[in-house]
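In what follows, a structure is listed as structure tokens, so that the remarks can point back to it.
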Amino acid sequence: MISVPQSNVFFDRKYTCPVCSGQFSSLSVRSSATYVENKEPDFHTIYKGVSPLHYSIIVCPYCNYAASNNTFSKPLSPVIVEQLSKALAILQEEEPYFSGERDLTTALRSFQLAIRCSQLKKASAGEIAGLLLASAWLAREIKNTELENTYMNQALKHYREAYEKGTNTIGNLSDIQATYLIGELYRRTGEYSEAVNWFNRAIGHPQINSNPSIEKLARDQWALAREQVKQAGSKKEDKEDVINQEKKVSDYPSNTKESNSNTTVQLTVGIYQHQFDFLKEVANKNPQVNKDQVLKALLDATIETIGERSIDEFSSEIELKRNFIKMLND
């Protein structure tokens, strides 16, 4: 194991609390002193020696305001400062010393305080989800499975909320990373058929070709989740979901009258950026509808409008597009 003198691992960084204006120092981990041992499928990085994760939350020793080291110093609106000041004063209690070296319990507590503050200041669902997921990682390091599952379920709920709002980034994740991660969180919480569905979404994402590491993860975890459905002897409907998602595109019913059935077929296809933006824009109008549902509604509307009419011959995508426009306008 690589050994680095503790004096070379940390350095003091000064902060000014945006809530109470108190000035203090907190330990930060030198990037040159970190050594990655392993990366888990839910993005948890395991380090040899000191983990930067344990020091990534800054806690004010005066008022207990807590936030990530990337956002702690960002100014807050006067309204938020007033609300936080009142709430933190009421919730004030004796806390561990966060400005020095931290054990796992202290690191986890720092995240708990950060979650509380993010909720008080009504942070985005994506930001809260990231804090909850990191708390699940720390609970795993402590080997507290029950607490890990609690945080993971809460993280999943917030990631889904952020995803349905259709923003380009969810916390510090891109859309495709969040899509994959939601699948992995479903898998880790025992919802294997949902996991298969979300891994399929990631594999079919328009940005998949520019994210080979995510593609590999999604394909590997898709195979694992699929096997877990079978091994768990899950409910009949879960098995049917997996079978439906594995059907070949050639199995899709050609009869228009059958297209309203609930059978789903997984089609991995790339779409253009403006098409993806359109789906996201429509989905943003109603948080209960996601991009997949918008696309299916659009296809159904086209199929019903065209009806039994035959499509003219075409030799290119552009020519086919023109044929569709003509038939929809007739």
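Some values worked out for this structure:
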| read-out | value |
| --- | --- |
| Whichever residue in segment 172-202 is open to solvent by less than 10 Å² (accessible area, probe 1.4 Å) and among the aliphatic types (A, V, I, L, M) and, among such residues, is nearest to residue 126 (Cα to Cα) | 178 |
| Pick from segment 76-88, criterion more than 12 Å from residue 117 (Cα to Cα), of a type outside the set (D, E, K, R) and in a helix (DSSP H, G or I), ranking: least open to solvent (accessible area, probe 1.4 Å) | 79 |
| Yes/no for residue 33 being buried (at least 16 other Cβ atoms within 10 Å of the Cβ) and modelled with pLDDT under 95 | yes |
| Condition met for residue 220 (closer than 28 Å to residue 161 by Cβ, at pLDDT below 80, in a helix (DSSP H, G or I) and not basic (Lys, Arg)) | no |
| Residue 66 vs. criteria out of contact with any Ser or Thr (no Cβ under 9 Å at 6 or more places or on another chain), open to solvent by less than 30 Å² (accessible area, probe 1.4 Å) and among the hydrophobic types (A, V, I, L, M, F, W, C) | no |
| Test: residue in segment 89-98 that is closer than 26 Å to residue 153 by Cα and part of a helix (DSSP H, G or I) | yes |
| Matching residues, segment 114-135, being closer than 21 Å to residue 191 by Cβ, without any contact (Cβ under 8 Å) to a residue 40 or more places away in the chain and among the hydrophobic types (A, V, I, L, M, F, W, C) | 128, 132 |
| In segment 267-276, the residues that are at pLDDT 70 or above and loosely packed, with under 12 Cβ neighbours inside 10 Å | 274 |
| Selection count where residues are of a type in the set (Asp, Glu), modelled with pLDDT of 95 or more and under 12 Å from the mean Cα position of the chain (by Cα), scope segment 128-170 | 0 |
| Residue 163 vs. criteria in contact with a Gly (Cβ under 9 Å, 6 or more places away or on another chain), in a helix (DSSP H, G or I) and crowded, with 21+ Cβ neighbours inside 10 Å | yes |
| Residue within segment 3-16 that is hydrophobic (A, V, I, L, M, F, W, C), open to solvent by less than 40 Å² (accessible area, probe 1.4 Å) and modelled with pLDDT of 95 or more present | no |
| Qualifying residue in segment 303-314 (condition: closer than 30 Å to residue 198 by Cβ and open to solvent by less than 100 Å² (accessible area, probe 1.4 Å)) | yes |
| So residue 194, is it at pLDDT 90 or above and more than 25 Å from residue 148 (Cα to Cα) | no |
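The values are calculated or read from the model by the stated rules, or taken from the named source; none is laboratory data. Predicted, not measured: the structure shown is a model, and the values here were computed from it. Every residue, glycine as well, gets a Cβ built from its backbone with ideal geometry; the counts of neighbours run over all protein chains shown. Ligands, DNA and RNA are stripped out before the accessible areas are found, and what is left, the full protein with its side chains, is counted by its heavy atoms. Shrake-Rupley method; radii C 1.70, N 1.55, O 1.52, S 1.80 Å.
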